[in-house]
Amino acid sequence: LPSMQTHGSTPCPCPSFRLRELASMYFTMVAVFLVILVVALQGLAPRGTYFPYKVPLDPQGLLELSWNVSYPEQALYFQILIRKLKFGFLFGMSDRGEFENADLAVLWTDGHSSYFGDAWSDAQGQLHMDSQQDYQLLGAQKAPEGLYLLFRRAFSTCDPKDYFIEDGTVHLIYGILESPVHSLHTINISTMYRGLQRVQLLKPNITIPDLPSDVKTMEITTPSIVIPSQETTYWCYITELPDSFTKHHIIMYEPVITEGNEALVHHMEIFQCTPEFDSIPHYNGLCDSKMKPERLNYCRHVLAAWAMGAQAFYYPEEAGLAFGGPGSSRYLRLEVHYHNPLIFKGRRDSSGIRLYYTDSLRPHDAGIMELGLVYTPVMAVPPGETSFILTGYCTDKCTQRALPANGIRIFASQLHTHLAGRKVVTVLSRDGREQQVVNADGHYSPHFQEIRMLKEVVSVFPGDELITSCTYNTEDRSKVTVGGFGIMEEMCVNYVHYYPQTQLELCKSAVDPGYLHRYFNLVNRFNDEEVCTCPQVSVPQQFSSIPWNTFNRDVLKSLYSFAPISVHCNKSSAVHFPGEWEKQPLPSITKTLQEPHPHCPPTLGPHPAASVPVPLNLGDIRWG
């Protein structure tokens, strides 16, 4: 019977250490006893209702993470199911999924005794026991399906070695130990079975509305396809609504995942096609295939989006997303992203999204509005940048012209960039003063995009401004990255979901082209290399000919921070609202929001700075 222990670093030579050690052992053993008692009373494993969020950590399904969020405690409760326990595992968080400079919880054995501890890795990937133990082990329980491990972690610990858990994407990392280790320092993370998973840990604590009695469901799923034996696949499938399908409201949707493929289905979206075309060719195949019909590119209106780890999406009781009826296309495109890093062959899949809809229309149609930057090459990021910011503006002039007097209510948001995007934030400003963050993701990943319900509804009134900033990293690129539709080009978008629906579908900006032309002339004047500014030379070509020295980079940043903008204040028909939209001044912000600072709550008990044995007496755990 291996014992399980928590390890810390070398004891500090304080006179009170023995007292702290005894107190720590007492409180830890009491907490462990209570959890084991609850587990014993409820069965072999804690009930899933206590952990409403769940995601497979690895593609084989060996590790399954469940969690719950306690906003009163400002803490997360984790449950990890280890299906085939070998000699331990590690679980943790890092800035972008790296195993260096990571914050880790580690379970390991030397073949006789087992240990659990809070650790961190340095820039070389070497593991160290943390002097402040903030992953608090609550219990472990053997079950027929594997070993359940329960532990707690505060959002903020104020430990410089710990990850600050905040709103937005969190990059979780995991690894499985294949052999016994005598100490934490001997673990070689480069040789273990390991990987990363992206989730939104801090789910909003919102009230889920009841569904009406007349609700209907519609499943839009792939027709039993074989998942290609390659790491990344985007699969497209066209389906259509019945001829007589009248206007309905979508009030909820949820994923439908084929059993056994939970770790392979990465994210899914349903798009409605443009009503401009009477018909869209039926298609069932790769989204990037040369055989894909051209008209599928006109299916871009998002009806539903799901990403791994997301739960069902509910519309507010006052609104629903309209589809069907006059002016609405019957054709829908399902897009499924499969992530198959182990190259499984022959896996059949019928995954998709289940829509819940009703013909008892709610008081308001929900709308989707695009904020951020126009898809244009005048917005560019030089190569070799670690943190280059571009900002798009929905100006007070546009909202004054397009929004109703009572304003709109934003209840959900989907952030979007291409591969160089690292951070995205949208802020509401009123009378030159920033009021609140609409949505922010400081660890954004283009590989994890989902529609997220906001923690609180954001009210936007005529005359307000919505400012969207995106941060890019181009360290691995030798050429300039311009704005555009291509995957190696960039976007900066926030699709906000709101009600009541208005005619305003797009509220974005880009730098004034005339001022960019002045930039090219300036660069030409101050550099030995000639930059052609001839009218027949495209903007991407002009950017590509620039030598990216410090001066040229700094001047471009300065240009984007002061130059007038071209505002796109567009209706759904792509027509501008009446008004003057060229050479508009940048919004003047006189007061900005303060950066959030980690809150250091009082701890529930001592966090030992030294090794503290914790015998759990859980029964045999078979290692290996």
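The values are calculated or read from the model by the stated rules, or taken from the named source; none is laboratory data. These numbers come from a predicted model, not from an experiment. Note that each Cβ is placed from the backbone with ideal geometry, even for glycine, and that neighbours are counted across all protein chains shown. Protein only, heavy atoms only, side chains kept; ligands, DNA and RNA dropped before computing areas. Shrake-Rupley method; radii C 1.70, N 1.55, O 1.52, S 1.80 Å.
None of R430, R422, R409 is within 29 Å of T590 (Cα to Cα), of a type in the set (D, E, K, R) and without any contact (Cβ under 8 Å) to a residue 40 or more places away in the chain except R430.
Rundown of residues vs (1) open to solvent by less than 70 Å² (accessible area, probe 1.4 Å); (2) at pLDDT below 90; (3) under 23 Å from Q311 (Cα atoms); (4) touching a strand residue (DSSP E or B) at 6+ places or on another chain (Cβ under 8 Å), yes/no style:
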| position | (1), (2), (3), (4) |
| --- | --- |
| V32 | yes, yes, no, yes |
| Q42 | yes, yes, no, no |
| A45 | yes, yes, yes, yes |
| W67 | yes, no, yes, yes |
| F91 | yes, no, yes, yes |
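Quick check on my filter: what residues within region 265-282 are open to solvent by 30 Å² or more (accessible area, probe 1.4 Å) and either touching a Lys or Arg at 6+ places or on another chain (Cβ under 8 Å) or outside the structural domain of E231 (by the TED database) (or both)? Scanning region 265-282 gives F277, P281. Out of curiosity, is R295 under 24 Å from the mean Cα position of the chain (by Cα) and either farther than 27 Å from S413 by Cβ or surrounded by 16 or more Cβ atoms within 10 Å (Cβ to Cβ) (or both)? Spelling it out, it is not the case that R295 is under 24 Å from the mean Cα position of the chain (by Cα) and either farther than 27 Å from S413 by Cβ or surrounded by 16 or more Cβ atoms within 10 Å (Cβ to Cβ) (or both). Among I208, I165, which is the only one that is under 19 Å from N101 (Cα atoms) and among the aliphatic types (A, V, I, L, M)? Selected residue: I165, the only one of I208, I165 that is under 19 Å from N101 (Cα atoms) and among the aliphatic types (A, V, I, L, M). Set side by side, the residues V457, V482, V427 differ, and just one is part of a strand (DSSP E or B), open to solvent by 10 Å² or more (accessible area, probe 1.4 Å) and within 20 Å of P377 (Cβ to Cβ), which is V482.
Among the residues of region 176-196, write down those that are within 16 Å of I82 (Cβ to Cβ), within 22 Å of the chain's Cα centre (by Cα) and open to solvent by 20 Å² or more (accessible area, probe 1.4 Å). Result: R194, single match. Filter region 265-302 down to the residues that are farther than 15 Å from R330 by Cβ and in a helix (DSSP H, G or I) and list them by number. E294, N297, listed by residue number.
Determine, yes or no, whether I467 is outside any strand (DSSP E or B), of a type in the set (V, I, T) and open to solvent by 10 Å² or more (accessible area, probe 1.4 Å).
Values: outside any strand (DSSP E or B): no; of a type in the set (V, I, T): yes; open to solvent by 10 Å² or more (accessible area, probe 1.4 Å): yes.
Answer is no for this residue.
Within region 69-86, residues that are over 12 Å from G146 (Cβ atoms) reach partners that are among the basic types (K, R) and in a strand (DSSP E or B) with beta carbons closer than 6 Å, at six or more positions or on different chains, in the pairs A75/R152; L76/R153; Y77/R152. Scanning region 430-445 for residues that are in contact with a His (Cβ under 9 Å, 6 or more places away or on another chain) and open to solvent by 20 Å² or more (accessible area, probe 1.4 Å) yields a single hit, H443.
Looking at the structure I just gave you, is R152 open to solvent by 10 Å² or more (accessible area, probe 1.4 Å) and under 18 Å from Y77 (Cβ atoms)? The answer is yes for R152.
Can you tell me which residue among E254, E231, E262 is under 26 Å from G320 (Cβ atoms), assigned by the TED database to the domain that holds A305, touching a residue at least 40 places away in the same chain (Cβ under 8 Å) and surrounded by fewer than 19 Cβ atoms within 10 Å (Cβ to Cβ)? Checking each option against the conditions leaves just E254. Could you please let me know if T221 is in contact with a Gly (Cβ under 7 Å, 6 or more places away or on another chain), β-branched (V, I, T) and within 30 Å of T358 (Cα to Cα)? It is true that T221 is in contact with a Gly (Cβ under 7 Å, 6 or more places away or on another chain), β-branched (V, I, T) and within 30 Å of T358 (Cα to Cα).
When you look at F448, is it over 26 Å from G97 (Cα atoms), among the aromatic types (F, W, Y) and in contact with a strand residue (DSSP E or B) (Cβ under 9 Å, 6 or more places away or on another chain), yes or no? Answer is no for this residue. Of a type in the set (S, T, Y) and within 25 Å of L264 (Cβ to Cβ) - does that describe any residue in region 115-123? Looking through region 115-123, none of the residues is of a type in the set (S, T, Y) and within 25 Å of L264 (Cβ to Cβ). A Cβ distance below 9 Å, combined with a sequence gap of six or more or placement on separate chains, defines the contacts here; from region 162-173, residues that are under 20 Å from A310 (Cβ atoms) and in contact (Cβ under 8 Å) with a residue 60 or more places away in the chain reach residues that are among the small types (G, A, S) and open to solvent by 20 Å² or more (accessible area, probe 1.4 Å) in the pairs E166/A440; E166/G442; D167/A440; D167/G442; G168/A440; G168/G442; T169/G442.
Scanning region 512-554 for residues that are open to solvent by less than 30 Å² (accessible area, probe 1.4 Å), modelled with pLDDT of 90 or more and among the hydrophobic types (A, V, I, L, M, F, W, C) returns L516, F520, F543, I546. When we screen L332, L286, L342, L264 for residues that are closer than 27 Å to R198 by Cβ and in contact with a His (Cβ under 8 Å, 6 or more places away or on another chain), the only hit is L264. Hey, among the residues in region 310-323 that are open to solvent by less than 10 Å² (accessible area, probe 1.4 Å) and of a type in the set (G, A, S), which one's farthest from D243 (Cα to Cα)? Result: A319. Set side by side, the residues T217, T207 differ, and just one is open to solvent by 60 Å² or more (accessible area, probe 1.4 Å), in contact with a strand residue (DSSP E or B) (Cβ under 6 Å, 6 or more places away or on another chain) and over 24 Å from L296 (Cβ atoms), which is T217.
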